[in-house]
1. Looking only at the stretch 17-46, which residues are in contact (Cβ under 8 Å) with a residue 60 or more places away in the chain and surrounded by fewer than 12 Cβ atoms within 10 Å (Cβ to Cβ)?
2. State whether one or more residues within the stretch 244-261 are crowded, with 18+ Cβ neighbours inside 10 Å and among the β-branched types (Val, Ile, Thr).
3. For a quick check of your reading: which helices (runs of 4 or more DSSP H) sit entirely within the stretch 196-307 and have at least 2 residues that are hydrophobic (A, V, I, L, M, F, W, C)?
4. Tell me yes or no: at least one residue of the stretch 227-245 is out of contact with any Asp or Glu (no Cβ under 6 Å at 6 or more places or on another chain) and either among the basic types (Lys, Arg) or outside the structural domain of THR154 (by TED's automatic domain parsing) (or both).
5. Farther than 30 Å from LEU239 by Cβ and not hydrophobic (A, V, I, L, M, F, W, C): which single residue out of ARG39, ARG54, ARG12, ARG84 fits that description?
6. For the stretch 241-280, which positions are of a type in the set (Asp, Glu) and under 21 Å from PRO50 (Cα atoms)?
7. Return the only residue of ALA112, ALA102 being loosely packed, with under 11 Cβ neighbours inside 10 Å, in a helix (DSSP H, G or I), outside the structural domain of MET146 (by TED's automatic domain parsing) and of a type in the set (A, V, I, L, M, F, W, C).
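The values are calculated or read from the model by the stated rules, or taken from the named source; none is laboratory data. Note that the coordinates shown come from a computational prediction; the quantities given were computed from them, not determined experimentally. Quick reminder, even Gly has a Cβ in these numbers, built from the backbone with ideal geometry, and neighbours come from all protein chains shown.
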Amino acid sequence: MSTASRNTVSGRTYRRTRPRGFADWSPKPDTLRLVEQVREVLHEYREHLPMTARQVFYRLVGAFQYPKEERAYDRLQETLNRARRARLIPMDAIRDDRAASAGHSFGYSSPAEFWDSVRTSAAYYSRPLDEGQPRAVEVWIEAQGMMPMVADVTQQYGVVVYCSGGFESVCAKHDAAARIAYREVPTAVLSIGDYDPSGLSILDAAAEDVVAFVAEMGGTPPAVKRLAVTEEQITRYGLETAPQKSTDRRGDHMHATVQAEALSPTLLTELVRAGVEEAVDLRALERVRARAERERQRVVARAERLR
């Protein structure tokens, strides 16, 4: 740790501070062993990175008998922070909450750069993959940190992922209802969240509120289906359980609870893919992809003539 830190932005003086930026680190043997175990987990699921700290935690519990307690989870978080500062673990291998931003500064250094960007973007031409679908499909996921992993799967089908963890806000539920109500086709919602009183009650309240708002707006109420975590999945896949928190008193008492991060990245993405493919018209999807490819080739040819 550093000595007293002065000349801070706030003008305050601190006796001790955490490391700043990248920092050398000489962990104790047991901590170094934990780092190596984390690296093994990240390597095993390298196709699904980044992972949340909670996902890594459950993989350690299952594979290395890491203690399944909040104190151990706190230790893991601190270890991940230090290991990434020490470059022992890639910074972008762990999914953290990112700083929000608004506004942008954008432009081209010259007309030539603009035309280069046009030619480059032509190669990525596509059509909306939900075109011609008999229904719109959305995925609601409770944990924001898991959204990128799930979206990597759903975007292949033109399906958007929304964070339902923010659906405790009436404004968020109203926005979801407006999106659904004004569609020309009905909406199917696939939900992913924790199997505990809070997670289930948030889903139930969100579904009821959104349905009520949609009805008031004159739209077709969505069909909401629980994709994960379910009681059947807990038994089938032997998911790690925990007692219900004493502070969580929503609804009936539950003898065992499971967080969505207890699903391995492989199992999570398999469940998402199966759920989406069941809800989407795959033949309509293939027709759109084929049409988009034919059009993409024409767009690329035309863009090349701009040279």
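1. Residues satisfying the conditions are GLY21, PHE22, ASP24.
2. yes
3. 197-216, 265-279, 282-304
4. Within the stretch 227-245, one or more residues are out of contact with any Asp or Glu (no Cβ under 6 Å at 6 or more places or on another chain) and either among the basic types (Lys, Arg) or outside the structural domain of THR154 (by TED's automatic domain parsing) (or both).
5. ARG12
6. Scanning the stretch 241-280 gives GLU261, GLU270.
7. Being loosely packed, with under 11 Cβ neighbours inside 10 Å, in a helix (DSSP H, G or I), outside the structural domain of MET146 (by TED's automatic domain parsing) and of a type in the set (A, V, I, L, M, F, W, C) holds for just one of ALA112, ALA102, which is ALA112.
To keep it simple, each residue is scored yes or no on (1) in a helix (DSSP H, G or I); (2) over 30 Å from GLN37 (Cβ atoms); (3) touching a residue at least 12 places away in the same chain (Cβ under 8 Å).
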{"position": "LEU88", "(1), (2), (3)": "no, no, yes"}
{"position": "ASP116", "(1), (2), (3)": "yes, yes, no"}
{"position": "ARG127", "(1), (2), (3)": "no, yes, yes"}
{"position": "PRO134", "(1), (2), (3)": "no, yes, yes"}
{"position": "ALA172", "(1), (2), (3)": "yes, yes, no"}
{"position": "ARG183", "(1), (2), (3)": "no, yes, yes"}
